[in-house]
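The values are calculated or read from the model by the stated rules, or taken from the named source; none is laboratory data. Note that the structure is a prediction, hence the values are computed from the model and not measured. When we count neighbours, we look across all protein chains shown, and the Cβ atoms used for this are built from the backbone with ideal geometry, even at glycine.
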Amino acid sequence: MAAKIFDVIVIGAGQAGLSVGYYLKRADVDFIILDNQTQSGGAWLHTWPSLRLFSPALMSSLPGKLMPKAKEGQYPHRNEVLSYLAEYERHYQLPIYRPHQVQSVERDTVHNCLKVSDGKYSWLAKTVVSATGTWSNPQIPEIEGHQAFTGEQCHSAHYAGVEHYRGKRVLIVGGGNSGAQIYAELAEVANASWITRGPPLFLPDEVDGRVLFERATARINGNDGDAPVGGIGDIVMVPPVKAALDKGLLTSQPMFSGFTDNGVIWPDGNEEQVDAVIWCTGFKAELAHLTPLNLVESDGKVQVVNGQAVKEPRLWLFGYGDWASPGSATLIGAGRSARENVPAMLGFLTEITQRSN
Ligand code: FAD
């Protein structure tokens, strides 16, 4: 019996994978989506309990289905995003299989396609979409004495809320939205300090996720001069951040220069004992499964043009960040990059199918 070869296998069922799935379903191609979680939601499953989006509901919808209005204010709570994503995949009956931790994507020269494996099972596909996000690849800077520090360290990827830190001396490192939001809530219950490399950039109250998306698109299209103010990492005035700023709580101090065994060394040489450090220092793309293709560059990215890998045209990347396609790490950008790049992928699929017949 001839081996089954899918038109497309999508790896990852977060917002990027679902957006691609929406357009694949409409095009009636033979595809599946593999995801390593036990339930829907992608990275949103792991964000801290109080997280609010920095983009309003209407500007955070995936293709075809509007996100319902936020229950409170204009910025939805992460639980509302989780419900929306669960409903989205149910509504469109996307063929998602869980949990499958894809370990490798490699070239199958016998069937002239790509082979996707989770260690136990393998699947063949004419094209593969990698949409594995960044959540499982958190970044922590190398700071002198890092290993010797016996206090707690946690990345924002694993931060689970204020209770654990009540009354403790805590440093929150990182000047983006995660750092601002986590510090804003910890400043109320802990002896917290916010550590940033430079002065934090607060956006005007009216600037939200939509404006940041437009900014990212303009930058990539080379129209930076006309772009609205603000970059994707600048701080959006979601209600808890605005409340902390209004109370005068949102002040930051410069980065410490090293660790001692029970604390940190400040730039003036003073040492201080601290209980915990929370790193809000970002993420890189999770691309370990692409190792056999030998495409991941030293900066942790894959060279792409409009989502298609330059050195392996059967591989497409969605989500991850502006390098994959403008604003594609946001809900609204995930939908737009799928709308723009999936048609090209379908054209490519037709071309290679005709060539092989
Ligand atoms: P993910 O959501 O991470 O989905 C990838 C899926 O692939 C996951 O289910 C993952 O478990 C799975 N996976 C990974 N590796 C494998 C593998 N090897 N095999 C199988 N499955 C795998 N965006 C907005 O639009 N508005 C906001 O307000 C906003 N706020 C944010 C606040 C914070 C603090 C953070 C960190 C992000 C925020 N974002 C926001 C961005 C957004 O949450 C993420 O960028 C987004 O979840 C990325 O979507 P994705 O589909 O690319 O990846």
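One line per residue, one yes/no per condition, for (1) of a type in the set (D, E, K, R); (2) farther than 20 Å from G14 by Cβ:
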| site | (1), (2) |
| --- | --- |
| K284 | yes, no |
| V305 | no, yes |
| L315 | no, no |
| D322 | yes, no |
| A329 | no, no |
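Please work out which residue is farthest from R26 (Cα to Cα), limiting yourself to segment 313-333 and to residues that are in contact with a helix residue (DSSP H, G or I) (Cβ under 6 Å, 6 or more places away or on another chain) and modelled with pLDDT of 95 or more. Filtering segment 313-333 for residues that are in contact with a helix residue (DSSP H, G or I) (Cβ under 6 Å, 6 or more places away or on another chain) and modelled with pLDDT of 95 or more, the one farthest from R26 (Cα to Cα) comes out as G319.
Residue count for segment 28-47 under the criterion of being hydrophobic (A, V, I, L, M, F, W, C) and either near the ligand (Cβ under 8 Å from one of its atoms) or in a helix (DSSP H, G or I) (or both): the result is 4.
Name every residue in segment 275-323 that is in a loop (DSSP other than H, G, I, E, B), hydroxyl-bearing (S, T, Y) and more than 30 Å from N262 (Cα to Cα), in order of residue number.
If we filter segment 275-323 for residues that are in a loop (DSSP other than H, G, I, E, B), which is where we start, we get 275, 280-282, 284-287, 294-295, 297-301, 303, 306-307, 310-314, 318-323.
Subset that is hydroxyl-bearing (S, T, Y): 281, 298, 320.
Passing the criteria: S298, Y320.
Looking only at segment 135-184, count how many residues are assigned to a loop (DSSP other than H, G, I, E, B), in contact with an Asp or Glu (Cβ under 7 Å, 6 or more places away or on another chain) and of a type outside the set (F, W, Y).
Keep residues of segment 135-184 that are assigned to a loop (DSSP other than H, G, I, E, B), which gives 135-137, 139-151, 159-162, 166-168, 174-176.
Restricting the remaining residues to those that are in contact with an Asp or Glu (Cβ under 7 Å, 6 or more places away or on another chain) gives 136-137, 148-151, 162, 168.
Filter once more, so that each one left must be of a type outside the set (F, W, Y): 136-137, 148, 150-151, 162, 168.
Selection size over segment 135-184: 7.
Among the residues making up segment 50-67, those that are outside any helix (DSSP H, G or I), of a type in the set (A, V, I, L, M, F, W, C) and either within 9 Å of the ligand (Cβ to nearest atom) or surrounded by 17 or more Cβ atoms within 10 Å (Cβ to Cβ) (or both) are L51, L53, F54, L62, M67.
Beta carbons closer than 8 Å, at least 6 apart along the sequence or on distinct chains, pair a first residue in segment 142-163 that is of a type in the set (A, V, I, L, M) with a second that is assigned to a helix (DSSP H, G or I) for A157/H46; V162/E185; V162/L186.
If I ask for residues that are within 28 Å of A57 (Cα to Cα) and near the ligand (Cβ under 9 Å from one of its atoms), which ones from segment 77-133 would you list?
Result: R78, V81, L85, R98, S130, A131, T132, G133.
Could you tell me which of the residues N357, N306, N341, N294 is in contact with a helix residue (DSSP H, G or I) (Cβ under 9 Å, 6 or more places away or on another chain), away from the ligand (no atom under 14 Å from the Cβ) and either of a type outside the set (D, E) or touching a residue at least 12 places away in the same chain (Cβ under 8 Å) (or both)? First the steps, then the outcome.
Numbers: N357 fails: in contact with a helix residue (DSSP H, G or I) (Cβ under 9 Å, 6 or more places away or on another chain); N341 fails: away from the ligand (no atom under 14 Å from the Cβ); N294 fails: in contact with a helix residue (DSSP H, G or I) (Cβ under 9 Å, 6 or more places away or on another chain).
From the options N357, N306, N341, N294, the qualifying one is N306.
Check whether at least one residue in segment 135-145 is of a type in the set (F, W, Y), within 18 Å of the chain's Cα centre (by Cα) and near the ligand (Cβ under 9 Å from one of its atoms), and report yes or no. Yes, segment 135-145 contains at least one residue that is of a type in the set (F, W, Y), within 18 Å of the chain's Cα centre (by Cα) and near the ligand (Cβ under 9 Å from one of its atoms).
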